[in-house]
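Q: Take a look at the following structure, please.
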Amino acid sequence: MPDGDQSECHGALDRADRLRGDPAALAALWADARVLLLDDDGRALAQADGSLFAPTGMQISQGPGGTGAAIFLGIDGGGRGWFSLDAKLVALHAPRRIDLRTAAAEWPAFESGVYAQARALQHWRSRYRYCNVCAGEIGFERGGWLGRCNSCGQDHYPRTDPAVIVAVTDGERLLLGRQPGWAPRRYSVLAGFVEPGETLEQTVAREVMEESGVRVRACRYLASQPWPFPGQLMLGFIALAHPDEPQVDDELEDARWFSVDEVRAATAGDIDDGVSLRLSPTISISRWLTNCWLRTMHARRADRPR
């Protein structure tokens, strides 16, 4: 059984599903609520210094107004509502626009987490405007979380696509790959989407084999990270594999085993010296998994008889 409280069990907001179907409750929150404004590319409007620009509902409506086309995101710890809205629907302007990757690296965790939620929902709504059953136009209800076909009545819900991301080791080395178009010497742990009818463990073994030709012996789940680029949930694993020589196909440009010393050097400074291995940004679960593997290897070395 889990012991104690886990911060991982709590999001940036109370998403307050109980209020989504209550228009009066949402309307009561609107005037004082903070509203994220996203442009058509999913970038958030920001202040001149790059910080979040999130006016209140009253400022947007210039009066009592209403939730209208806004998406209800939830309630913060102080009881204030948070919404998001397409920037083109309002007359307000801001000096800058910030993409989600930049926000994740520079904004406080709370604000970047709310932005990630808003971005994922905006993408879903922009891609699911017509019913996949009868091609009728979809209208949105329940604070923007339910799409309902105006013709056949079919309900549609936000999509999240599960994907595994895996730190693969042979017990001594870490398997990393790189995709075409990445920055020079940038490598990452392997990842891939879950296919219908398979378990997560089967996905781990299949994806690693498909991308690198390395055979997985066993794997264990560690953690997850929502990855709204545009709508994935990354499920992080560590896997033990045979020491096969990596062989790549068209998915990866290269895959290779890296030693503890090589990975440790890459995590030490995150400096592009034109020669050394470069890893994923520190905000990513890829980097977190890499660091987990590195700590495990350091602990194993410390426990070995001298």
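The values are calculated or read from the model by the stated rules, or taken from the named source; none is laboratory data. Only a predicted model underlies this, so the values are computations on that prediction, with no experimental measurement involved. Glycine gets a Cβ as well: all are built from the backbone with ideal geometry, and neighbour counts include every protein chain shown. What goes into the accessible areas is simple: the full protein's heavy atoms, side chains included, and nothing from ligands, DNA or RNA. Shrake-Rupley method; radii C 1.70, N 1.55, O 1.52, S 1.80 Å.
Q: Residue by residue through segment 123-130, what is 3J(HN,Hα) from phi via Karplus (6.51 cos²θ - 1.76 cosθ + 1.60, θ = phi - 60°)? Round to whole Hz and write x for glycine and proline.
A: My calculation for segment 123-130 gives 5, 4, 5, 6, 9, 10, 8, 10 Hz in order.
Q: Between residue 296 and residue 1, 0.36 nm times their residue separation minus their Cα-Cα distance comes to what?
A: Length difference between fully extended and current span is 103.9 nm.
Q: Placing +1 on the Cβ of each Lys and Arg and -1 on the Cβ of each Asp and Glu in segment 207-306, which of 292, 281, 226 has its Cα farthest towards the positive end of the resulting dipole?
A: 292
Q: Could I have the simple spin-label model distance between residue 91 and residue 24, label points 7 Å from Cα toward Cβ, reported in nm to one decimal?
A: 3.1 nm
Q: Further question on the same structure: Can you work out ³J(HN,Hα) from phi for every residue in segment 145-154, in order, using Karplus 6.51 cos²θ - 1.76 cosθ + 1.60 and θ = phi - 60°, giving whole Hz and x for Gly and Pro?
A: For segment 145-154, the Karplus curve yields 9, 10, x, 10, 5, 6, 9, 9, x, 4 Hz.
Q: Let me ask you something else. Distance between Cα centroids, segment 279-306 to segment 146-209: provide it in whole Å.
A: Cα centroid to Cα centroid, the span is 21 Å.
Q: Let me ask something else. Taking each pair of distinct Cα atoms in segment 203-306 once, what is the resulting Kirkwood hydrodynamic radius in Å?
A: Hydrodynamic radius (Kirkwood, Cα pairs) of segment 203-306 is 15.5 Å.
Q: Using Cα-Cα distances under 8 Å and only pairs 6 or more residues apart, what relative contact order does the chain have, in percent?
A: Result for the chain is 14 percent.
Q: Tabulate in residue order the Karplus-calculated ³J(HN,Hα) for segment 194-205, using 6.51 cos²θ - 1.76 cosθ + 1.60 with θ = phi - 60°, rounded to whole Hz; enter x for Gly and Pro.
A: Karplus values, whole Hz, x for Gly and Pro: 6, 9, x, x, 10, 6, 5, 5, 5, 4, 4, 5.
Q: I want the antiparallel fraction of DSSP beta bridges within the chain, as a percent rounded to 5.
A: In the chain, DSSP labels about 75 percent of beta bridges as antiparallel.
Q: Pairs of alpha-carbon atoms within less than 8 angstrom and 6+ residues apart define the contacts here; what relative contact order does segment 150-201 have, in percent?
A: For segment 150-201, the relative contact order is 37 percent.
Q: Considering segment 119-274, what Rg and Dmax in Å follow from its alpha-carbon atoms?
A: Rg and Dmax of segment 119-274, Cα atoms, are 19.7, 61 Å.
Q: So, one more: How compact is the chain by the rule of thumb for globular proteins, expressed as Cα Rg over 2.2 N^0.38 Å?
A: Working: Rg = 22.4 Å, N = 306, 2.2 N^0.38 = 19.4 Å.
Taking the Cα Rg and dividing by 2.2 N^0.38 Å, one obtains 1.16.
Q: About its Cα centre, what dipole magnitude does segment 68-214 give when the only charges are +1 on Lys and Arg Cβ and -1 on Asp and Glu Cβ, stated in debye to the nearest 20?
A: Rounded to the nearest 20 debye, it is 720 debye.
Q: For the chain, with every protein chain kept in place, what is the accessible area per residue (1.4 Å probe, Å²)?
A: So the chain comes to 54 Å² accessible per residue, rounded to a whole number.
Q: So, with +1 on the Cβ of K and R and -1 on the Cβ of D and E, and no other charges, what is the size of the charge dipole of the chain about its Cα centre, to the nearest 20 debye?
A: Magnitude of the dipole: close to 440 debye.
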